[in-house]
Amino acid sequence: MSESTSTKPYLVRALHEWCVDNGFTPHLLVAVDAETRVPLAYVKNGEIVLNLNYAATKDLQIGNETITFSARFGGVSNNLYVPINAVRGIFARENGQGMFFQEEDKPEVSKDAEASEVVVSSESTPKEAKKPTLTLVK
(Lines give C-alpha, C1' and ligand atoms only; values in the text may rest on other atoms or scores of the structure.)
Protein backbone atom coordinates (compact mmCIF):
# COMPACT_ATOMS: atom_id res chain seq x y z
CA MET A 1 0.00 0.00 0.00
CA SER A 2 1.43 3.38 -0.95
CA GLU A 3 1.90 6.12 1.65
CA SER A 4 -0.78 8.81 1.52
CA THR A 5 -0.03 12.50 1.19
CA SER A 6 0.02 14.88 4.14
CA THR A 7 -3.29 16.33 5.30
CA LYS A 8 -1.67 19.65 6.24
CA PRO A 9 -1.97 21.44 2.86
CA TYR A 10 -5.62 20.37 2.59
CA LEU A 11 -6.37 21.68 6.07
CA VAL A 12 -4.57 24.96 5.34
CA ARG A 13 -6.60 25.43 2.14
CA ALA A 14 -9.85 24.57 3.91
CA LEU A 15 -9.26 26.95 6.81
CA HIS A 16 -8.16 29.70 4.43
CA GLU A 17 -11.42 29.27 2.52
CA TRP A 18 -13.43 29.22 5.77
CA CYS A 19 -11.84 32.49 6.89
CA VAL A 20 -12.52 34.20 3.57
CA ASP A 21 -16.11 32.88 3.37
CA ASN A 22 -16.85 34.24 6.84
CA GLY A 23 -15.25 37.65 6.28
CA PHE A 24 -12.25 36.91 8.52
CA THR A 25 -8.60 37.69 7.77
CA PRO A 26 -6.59 34.46 7.42
CA HIS A 27 -3.16 34.61 9.03
CA LEU A 28 -0.42 32.02 8.62
CA LEU A 29 2.11 31.31 11.38
CA VAL A 30 5.42 30.19 9.81
CA ALA A 31 8.63 28.88 11.36
CA VAL A 32 11.40 30.51 9.36
CA ASP A 33 14.28 28.28 8.24
CA ALA A 34 16.81 28.17 5.40
CA GLU A 35 14.16 27.08 2.87
CA THR A 36 11.63 29.79 3.79
CA ARG A 37 11.76 33.01 1.76
CA VAL A 38 10.21 35.89 3.72
CA PRO A 39 11.40 39.40 4.65
CA LEU A 40 13.79 38.69 7.54
CA ALA A 41 13.23 42.13 9.07
CA TYR A 42 9.73 40.97 10.09
CA VAL A 43 10.83 37.67 11.67
CA LYS A 44 10.59 37.48 15.47
CA ASN A 45 11.81 34.52 17.52
CA GLY A 46 12.27 32.49 14.34
CA GLU A 47 8.63 32.94 13.29
CA ILE A 48 6.58 35.26 11.12
CA VAL A 49 2.83 35.80 10.84
CA LEU A 50 1.63 36.44 7.30
CA ASN A 51 -1.69 37.93 6.19
CA LEU A 52 -3.13 35.58 3.54
CA ASN A 53 -6.15 37.71 2.69
CA TYR A 54 -6.64 38.05 -1.06
CA ALA A 55 -6.49 41.86 -0.68
CA ALA A 56 -3.03 41.57 0.91
CA THR A 57 -1.56 39.03 -1.52
CA LYS A 58 -1.02 38.64 -5.23
CA ASP A 59 -0.93 35.28 -7.04
CA LEU A 60 -1.57 33.26 -3.86
CA GLN A 61 -0.98 29.55 -4.49
CA ILE A 62 -1.48 27.05 -1.65
CA GLY A 63 -0.02 23.85 -3.05
CA ASN A 64 0.70 20.46 -1.49
CA GLU A 65 4.41 21.26 -1.00
CA THR A 66 4.62 25.07 -0.85
CA ILE A 67 2.70 28.30 -0.41
CA THR A 68 3.80 31.08 -2.74
CA PHE A 69 2.58 34.63 -3.21
CA SER A 70 3.66 38.22 -3.53
CA ALA A 71 3.01 40.77 -0.77
CA ARG A 72 4.09 44.26 0.21
CA PHE A 73 6.17 44.91 3.32
CA GLY A 74 6.86 48.56 4.05
CA GLY A 75 5.66 49.43 0.54
CA VAL A 76 8.15 47.04 -1.11
CA SER A 77 6.83 44.04 -3.05
CA ASN A 78 8.32 40.68 -2.02
CA ASN A 79 7.90 37.19 -3.47
CA LEU A 80 7.34 34.78 -0.59
CA TYR A 81 8.01 31.04 -0.54
CA VAL A 82 6.82 28.95 2.40
CA PRO A 83 7.32 25.17 2.47
CA ILE A 84 4.25 23.41 3.90
CA ASN A 85 6.43 21.77 6.57
CA ALA A 86 7.29 25.29 7.88
CA VAL A 87 3.62 26.14 8.50
CA ARG A 88 2.85 26.12 12.22
CA GLY A 89 -0.76 27.29 11.98
CA ILE A 90 -3.52 29.13 10.18
CA PHE A 91 -6.08 31.20 12.03
CA ALA A 92 -8.55 34.07 11.75
CA ARG A 93 -7.09 37.33 13.04
CA GLU A 94 -10.44 38.54 14.34
CA ASN A 95 -11.24 35.63 16.68
CA GLY A 96 -8.16 33.38 16.77
CA GLN A 97 -10.06 30.34 15.51
CA GLY A 98 -8.05 28.00 13.34
CA MET A 99 -5.61 25.14 13.56
CA PHE A 100 -2.03 24.84 14.71
CA PHE A 101 0.31 22.00 13.80
CA GLN A 102 3.00 20.17 15.71
CA GLU A 103 6.58 20.93 14.73
CA GLU A 104 7.95 18.49 12.19
CA ASP A 105 11.44 17.05 12.67
CA LYS A 106 11.68 15.86 9.07
CA PRO A 107 9.51 15.98 5.94
CA GLU A 108 8.09 12.48 6.52
CA VAL A 109 6.00 12.65 9.68
CA SER A 110 3.86 9.84 11.04
CA LYS A 111 0.20 10.22 10.20
CA ASP A 112 -0.76 10.15 13.89
CA ALA A 113 1.46 13.13 14.79
CA GLU A 114 0.82 15.19 11.68
CA ALA A 115 -1.67 17.74 12.98
CA SER A 116 -3.23 18.65 16.28
CA GLU A 117 -5.95 21.23 16.65
CA VAL A 118 -5.25 24.01 19.07
CA VAL A 119 -7.89 26.28 20.55
CA VAL A 120 -6.87 29.91 20.93
CA SER A 121 -8.35 31.75 23.88
CA SER A 122 -9.22 35.30 22.92
CA GLU A 123 -10.12 36.56 26.38
CA SER A 124 -8.12 39.74 25.93
CA THR A 125 -9.24 42.56 23.69
CA PRO A 126 -7.10 43.48 20.66
CA LYS A 127 -6.01 46.70 22.40
CA GLU A 128 -4.38 44.81 25.26
CA ALA A 129 -0.76 43.70 24.94
CA LYS A 130 -1.56 40.27 26.42
CA LYS A 131 -0.93 37.41 23.98
CA PRO A 132 -3.55 34.68 23.47
CA THR A 133 -3.02 31.37 25.22
CA LEU A 134 -2.91 28.04 23.41
CA THR A 135 -4.42 24.79 24.59
CA LEU A 136 -3.49 21.55 22.82
CA VAL A 137 -6.49 19.40 21.85
CA LYS A 138 -5.78 15.83 20.76
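Does the range 110-118 contain any residue that is surrounded by 10 or more Cβ atoms within 10 Å (Cβ to Cβ), basic (Lys, Arg) and modelled with pLDDT of 60 or more?
No.
Just checking, how many residues over the range 44-103 are without any contact (Cβ under 8 Å) to a residue 12 or more places away in the chain, at positive phi and surrounded by 15 or more Cβ atoms within 10 Å (Cβ to Cβ)?
Qualifying residue count, the range 44-103: 0.
So, in the range 57-80, how many residues would count as being in a loop (DSSP other than H, G, I, E, B) and either touching a Ser or Thr at 6+ places or on another chain (Cβ under 8 Å) or modelled with pLDDT of 95 or more (or both)?
Qualifying residue count, the range 57-80: 4.
Looking only at the range 81-91, filter to residues that are part of a strand (DSSP E or B) and within 10 Å of the chain's Cα centre (by Cα); which one of those is farthest from THR66 (Cα to Cα)?
Checking each candidate, the answer is PHE91.
The values are calculated or read from the model by the stated rules, or taken from the named source; none is laboratory data. The model shown is predicted, which means the values in this text are computed figures rather than measured ones. A quick note on method: Cβ atoms are made from the backbone with ideal geometry, for glycine too, and the neighbour counts reach across all protein chains shown.
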